[in-house]
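Here is the structure we will look at, set down as structure tokens.
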Amino acid sequence: LTTTEFTLILTIEPLDSIVQPLWPVVDGLTGFLLGGSHNGEWVDPFVALKSLQDGARPYQVYTGNGFWGTATGQPPAMPWAGPCGGTPVVAFAPGLDLTGAIAIVAPWEAAPRQPEALSPDNAEYQNAVGELLAAQGIAEPVIELTAVQRIDLEGDGVDEVLIVANHLTGLGNGLPAANAGDYSLVALRQVVNGVVQTTLLASNIYPEAAELVDPVQYNLLALLDLNGNGQLEIVVEGWQYEGRFVMVFELLNGAVSLALTAGCSQ
């Protein structure tokens with residue numbers, strides 16, 4: 001009778017690499033729960049809602065200028081009454097003004113890099129927007145850039161440029177109308193395989209006049225790492241007649257996709 005010896009090797013993973021909490025993302029102005037991330041993957045707001053009922057949480061609040069401070073957010077609820085019924089909402093302290101902010105619960109720095117504001121009079125970016133609009137049917141657009149920001153979104157040492165352009169002359173008359181040539185857009189300008197490309201992220205473009213179309217005015221809200229992978233997501237807000245929504249776009253390997261969104265309209 002012989003005895004065979006075996007060596008058992010155990011690899012013990014740190015607990016936090018196995019079980020990660022859900023990290024929520026909230027629009028500061030409305031409290032809309034945009035969703036969140038879990039183990040680096042995006043989570044729908046209605047799925048996230050169920051995982052956030054165990055108590056209040058300390059949120060880190062960021063604006064387009066970086067870290068703003070902290071605020072305590074209550075477990076998200078569903079306000080069934082009113083025009084935004086059915087949209088999960090996180091309540092913060094009454095009177096706390098979080099306009100233009102994104103709130104996130106996360107152990108990482110969500111704003112590791114800050115954008116550089118560029119001149120909206122830059123001919124290169126004006127021409128890029130003009131080409132986008134011409135491709136959408138506005139042959140001689142009025143170019144009005146409202147914001148241009150340059151930043152390294154992916155952390156690879158190569159900068160991207162975000163362009164915001166708004167020309168909505170049909171608003172302000174009490175009706176949600178658009179005149180011919182009206183538009184609002186946010187575009188991403190990047191280098192892909194050595195070629196400069198300009199991509200529309202969000203847009204309302206009207207080659208012809210239209211009534212009761214409820215045009216959306218888009219703005220760039222923030223550039224933040226919302227899932228902890230070191231890359232910055234593009235947070236865009238949209239305003240329309242008695243309505244608002246927020247969208248989070250992710251850039252990976254030159255491709256853009258919509259990661260999170262929430263909002264409502266009357």
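Roughly speaking, what is the stretch gain from residue 255 to residue 191, that is 0.36 nm per residue apart minus the C-alpha to C-alpha distance, in nm to one decimal?
This chain segment gains 21.9 nm when fully extended.
If amide H atoms are built 1.01 Å from N in the plane of the peptide, which residues on other chains or at least 5 residues away come under 5 Å of the amide H of residue 25?
Answer set, sorted by chain and number: 34, 35, 36.
Ordered by residue, what ³J(HN,Hα) values in Hz, to whole numbers, does region 23-35 give under the Karplus form 6.51 cos²θ - 1.76 cosθ + 1.60, where θ = phi - 60° and Gly and Pro are x?
Working through the residues one at a time gives 9, x, 10, 10, 6, x, 5, 9, x, 4, 7, 6, x Hz.
Would you mind checking which residues have amide H under 5 Å from residue 260's amide H? H placed 1.01 Å from N; only 5 or more apart, or other chain.
HN-HN under 5 Å from residue 260: 248.
Convert each backbone phi in region 128-141 into a coupling constant with the Karplus relation 6.51 cos²θ - 1.76 cosθ + 1.60 (shift: θ = phi - 60°), then list the ³J(HN,Hα) values in order as whole Hz, x for Gly and Pro.
With the stated coefficients, region 128-141 comes to 4, 5, x, 5, 4, 5, 4, 5, 9, x, 9, 5, 10, x Hz.
Provide the per-residue ³J(HN,Hα) series for region 106-115, in order, calculated from phi with Karplus coefficients 6.51, -1.76, 1.60 and θ = phi - 60°, each as a whole number of Hz, with x at glycine and proline positions.
Along region 106-115, the couplings run 6, x, 10, 7, 7, 10, x, 9, 10, x Hz.
Quick note: the coordinates plus some simple rules give every number you see, no bench work behind them. Source: prediction; values computed, not measured.
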